[in-house]
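Each remark here refers to the structure printed beneath this line.
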Amino acid sequence: MGKLKIQKVSGAVLGLLLAATLGVAGLFFLGGETPEEERLVADLTLEEPLYTDALMVWAYILFGLALAVTLGGVLWKFAARCAVSPRSALRSLLGVALVAGVLALSWCLGSDRPLDMPGYDGQENTAFWLKVADMFLYAIYTMLGLATALILGFGIARRFK
């Protein structure tokens with residue numbers, strides 16, 4: 001009975017997040033354009049959706065929620081396993097250590113050379129933020145590649161069982 005209740009709650013939360021996402025996406029795509037005097041683009045002939053900021057803020061909120069739920073789940077699992085078997089609990093942190101290693105390696109591979117962006121006068125074109133952007137891009141590419149390889153590998157292994 002407890003599992004059914006959790007499924008209902010998680011389904012309701014998923015539905016609310018999906019509805020909010022569709023609402024923000026609708027505003028972004030159907031909400032019109034920013035007036036020319038308020039545009040941030042260098043070329044004023046380019047379109048700039050009016051609700052770009054709302055879409056970006058919503059993406060940050062979703063990212064923060066995903067990060068909080070993921071870290072909360074890892075800590076919960078670690079605490080539960082630690083009570084039963086400390087050695088098993090340490091093994092459950094292997095995934096977190098792997099992600100931290102990928103992030104550290106991708107940080108080292110990132111470029112710190114400032115970009116030439118005509119019309120941009122913001123403060124984020126610095127070595128730190130450029131390395132952060134590269135770190136996340138390289139980490140995404142690595143994780144996507146690993147996920148694809150694992151899906152293919154397990155699919156092929158299942159055929160030979």
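What number of residues in the range 51-77 are at pLDDT 90 or above and either touching a helix residue (DSSP H, G or I) at 6+ places or on another chain (Cβ under 6 Å) or not in a helix (DSSP H, G or I) (or both)?
4
Pairs needed: first member in the range 18-32, among the β-branched types (V, I, T); second member anywhere, part of a helix (DSSP H, G or I); C-beta distance under 6 Å; at least 6 residues apart or different chains.
V24/A54; V24/L55; V24/W58
Is one or more of the residues making up the range 140-155 within 30 Å of V41 (Cα to Cα) and in contact with a Ser or Thr (Cβ under 7 Å, 6 or more places away or on another chain)?
Taking every residue of the range 140-155 in turn, none turns out to be within 30 Å of V41 (Cα to Cα) and in contact with a Ser or Thr (Cβ under 7 Å, 6 or more places away or on another chain).
Could you tell me whether any residue of the range 34-54 is touching a residue at least 24 places away in the same chain (Cβ under 8 Å), touching a strand residue (DSSP E or B) at 6+ places or on another chain (Cβ under 9 Å) and either of a type in the set (A, V, I, L, M, F, W, C) or not assigned by TED's automatic domain parsing to the domain that holds G122 (or both)?
Within the range 34-54, not a single residue is touching a residue at least 24 places away in the same chain (Cβ under 8 Å), touching a strand residue (DSSP E or B) at 6+ places or on another chain (Cβ under 9 Å) and either of a type in the set (A, V, I, L, M, F, W, C) or not assigned by TED's automatic domain parsing to the domain that holds G122 (or both).
Take the residues in the range 103-132 that are in contact (Cβ under 8 Å) with a residue 12 or more places away in the chain, in a loop (DSSP other than H, G, I, E, B) and charged (D, E, K, R), then tell me which one is surrounded by the fewest Cβ atoms within 10 Å (Cβ to Cβ).
Residue satisfying both the conditions and the ranking: R113.
The values are calculated or read from the model by the stated rules, or taken from the named source; none is laboratory data. Note that the coordinates shown come from a computational prediction; the quantities given were computed from them, not determined experimentally. All Cβ positions, glycine included, derive from the backbone under ideal geometry; neighbour counts span all protein chains shown.
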